[in-house]
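Following: one structure in structure tokens, then a few remarks.
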Amino acid sequence: MSVNLGQKVAIVHDWFVDSGGAEKVVSELLSIFPDADVFSTVDYLTDKQRDEIVNGKKINTTFIQKLPLSKSYKKYFTLMPMAMASFDLSEYDLILSSSSSVAKGVITGADQVHICYCHSPMRYAWDLQEEYLRSAHKEKGFLSFIYRHLLHKMRMWDVTSSFNVDFFIANSTYISRRIKKVYKRDAEVIYPNVNVDDFNVVNKKSDYYFTCSRLVPYKRIDLIVEAFSEMKDKKLIVVGDGPEMEKISELATSNVELFGYQEFEKMRELMANAKAFVFAAEEDFGIVPVEAQACGTPVIAFGKGGALETVDDGVTGVFFDQQSVPSLCDAVLRFENCSEQFDANVIRTHAEKFCTSRFRKQIKEYVYSKTRVGA
């Protein structure tokens, strides 16, 4: 159901380079506010992705789009605050930013309402700084000093740009706490939309474990593959591609199958038939574990971050408490010892708490309450 506020609405997103959980949030915001205009630092979506995410709308981009090698957009991260500030949004009454980095940094006036749906404060400048520097091979030496200084500047901007947000929405209680710590601001928790209706429950599971993700360091697919390479009697299927593919391929033994990138239909089939979905990242929310539960598939998850809010330990999955091979192996063995207690239909019912209709209802009610526009 769409909403007509009688106002001009702008939706601002960090960058459009892929179709992930944050982009699904933008898609749902556009389903609620279909006349909204869309803004972002860069747009590198395919035509198919653009149709799926923004219904084919034009995405207004910044000067970064035109810079050399701009597809490596993160190299220009120090220019992104200036890029966001370059948007003239003065004609809009309501600005909705979908931000895990820079989108909240748009400039707004006293008569405008800016609501930020925050996926996280800027993690590569805060708690993921060291991982970011390692991935860029800048953890030591003179260049490390330069990068650390730039990240310090980005932290300062991240905080000061939060002053221009009127109201924060957090995608989990975990992120609400981080917003309070970093920005000293309160945030309403509205869990992101999960299209649970796109998934069907499979009661009779096959004898393999499953994980899927973009293969980047913080997703910790390497940890999962290394653990299963030590449990050679257990089969693991991995779906996904990314910069860590070569490293993960070297870790994989014969019981680990790397399928690479797969279309949604194939990924959904593998997820639905798996005996368990394995999740080792510390995510802000984590949509994919909820999608697994929508299939009635239990989740073996690292017990930190958003997973603590989406997985019910002993009912829809089990946790492991350290991002280590022994801890994950122990969790798999505990899962196998109690696997009969997991009911696919109960797991599905749990996932439905995060459905799209719930998200739309809560967002509409929140925006109405902050803009004083009646339903």
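For a footprinting-style exposure proxy, rank TRP157, TRP15 by other Cβ within 10 Å, fewest first.
TRP157, TRP15
Show me the ranking of peptides 326-335, 285-294 by mean Cβ neighbours inside 10 Å, starting with the highest.
Ranking the peptides 326-335, 285-294 by packing returns 285-294, 326-335.
Give the peptides 301-307, 350-356 in descending order of average Cβ contacts within 10 Å, highest first.
Listed from highest to lowest mean packing, they are 301-307, 350-356.
Note the full-extension length gain between GLN322 and LYS181 as 0.36 nm times their separation in residues minus their Cα-Cα distance, in nm to one decimal.
Going from the current span to full extension adds 48.4 nm.
Farthest toward the dipole's positive end in region 196-353, which of ALA292, MET267, GLN341, given Cβ charges of +1 (Lys, Arg) and -1 (Asp, Glu) about the Cα centre?
Of the options given, the answer is GLN341.
Counting Lys and Arg as +1 and Asp and Glu as -1, each charge on the Cβ, what is the dipole of region 196-353 about the Cα centre in debye, to the nearest 20?
Taking the Cα centre of region 196-353 as origin, the dipole is about 240 debye.
For labels at THR173 and ASP312 in the simple 7 Å Cα→Cβ model, what's the distance in nm?
Simple spin-label model gives 1.5 nm for this pair.
Enter the Cα centre distance for the pair region 315-375 and region 7-50, rounded to the nearest angstrom.
So the separation of the two Cα centres works out to 25 Å.
With runs of 4+ DSSP H residues as the only contributors, calculate the mean residue ellipticity of the chain at 222 nm using -39,500 (n - 2.57) per run, divided by the residue total and rounded to the nearest 500.
-11000 deg cm²/dmol
Taking amide H atoms as placed 1.01 Å from N in the peptide plane, list the residues 5 or more away in sequence, or in a different chain, whose amide H sits under 5 Å from that of ILE300.
PHE277, VAL278, PHE279, VAL318
In region 196-353, what is the count of Lys pairs whose alpha carbons are under 14 Å apart, counting only pairs at least 8 residues apart or on separate chains?
7
I'd like to know which of GLY317, PHE302, THR356 lies farthest towards the positive end of the charge dipole of region 302-356, counting +1 on Cβ of Lys and Arg and -1 on Cβ of Asp and Glu.
Comparing the listed Cα positions along the dipole, THR356 ranks first.
Between LYS75 and ASP241, what is the label-to-label distance in nm when each label sits 7 Å out along the Cα-to-Cβ direction?
Roughly 2.1 nm, to one decimal.
For each of GLU244, GLU91, count neighbouring Cβ atoms within 10 Å of the residue's Cβ, then give the residues from fewest to most.
GLU91, GLU244
Could I have the simple spin-label model distance between ASP197 and GLU257, label points 7 Å from Cα toward Cβ, reported in nm to one decimal?
3.2
Taking every alpha carbon pair in region 250-331, what does the distance histogram look like in 10 angstrom bins from 0, in percent?
18, 47, 33, 2
Highest first, please rank the peptides 276-283, 313-320 by the mean number of other Cβ atoms sitting within 10 Å of their residues.
Ranked from most to least packed, the peptides come out as 276-283, 313-320.
Where a Cα-Cα gap under 20 Å defines reach, which aspartates and glutamates qualify for LYS180, not counting those fewer than 8 residues away within the same chain?
ASP127, ASP158, ASP166, GLU188, GLU282, GLU283, ASP284, GLU309
Taking Rh as the Kirkwood radius computed over C-alpha pairs, what is the Stokes-Einstein D of the chain at 37 °C in a medium of viscosity 0.692 mPa s, expressed in µm² per second?
Rounded, D is 152 µm²/s.
Tally Lys and Arg at +1 and Asp and Glu at -1 over the other residues with C-beta under 13 Å from the C-beta of SER176: what net charge comes out?
+2
Read-outs: derived from the displayed coordinates by stated rules, not from any lab. Since we're looking at a predicted model, the values are computed, not measured. With ideal geometry, Cβ positions are generated from the backbone for all residues, glycine too; neighbour counts draw on all protein chains shown.
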